[in-house]
Amino acid sequence: MTSTQAKALLTKRKGIASTNQAFVEVILGRPSAKCKHLGICKIESIYSNDTHHNEPTSCPSSKKLFALACYKESDYFELVFERKSIPDTIFKYHFQSGIFKVEETYCTNIDISNSPIMISTGEYNINLSDTLLSIRFQL
């Protein structure tokens, strides 16, 4: 995601100004299964506009997506993806049903909260528009 795309994504999202936000790299999958299956394997903050970095990762880069992470304390954690940036194979496997399944609890400590954010196992509704795909995890 370029800085221009990031600005456009922020402009498209209304009503999130009171939340803490960060651009993140998301790897889908289950951590104990080496990023296979359903859920979130990794969420890390991006600290530059270069989303094509070649840092080594234990997760397959084929499942790497970029998102805007939004956090509202004691309420929700949300991941917002640009729809056209999601490859069709990933969309069909993880999102097509309209439900995002998390098979294993995942905890992230990105810079938008004072404490770790825990995403519990379960099924979460996907909000899909022509341009955006979002998943809101109630806390």
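Annotations
- Given R0 = 22 Å, the distance between the Cβ atoms of Lys84 and Glu44 translates into a calculated FRET efficiency of 0.50.
- Highest to lowest packing among 20-32, 75-87, 110-122, scored as the average C-beta count within 10 Å: 20-32, 75-87, 110-122
- At R0 = 30 Å, FRET efficiency that the Cβ-Cβ distance of Ser129 and Ala33 yields, to 0.05: 0.45
- Sequence ranges 36-42, 94-100, ranked by mean other-Cβ count within 10 angstrom, highest first: 36-42, 94-100
- Taking a straight Cα-Cα cut-off under 18 Å and skipping sequence neighbours fewer than 8 places away in the same chain, the aspartates and glutamates within cross-link reach of Lys84 are Glu25, Asp130.
Values in this text are rule-based calculations from the coordinates and carry no lab data. The model shown is predicted, which means the values in this text are computed figures rather than measured ones. Here the Cβ is made from the backbone with ideal geometry for all residues, glycine too, and neighbour counts use every protein chain on show.
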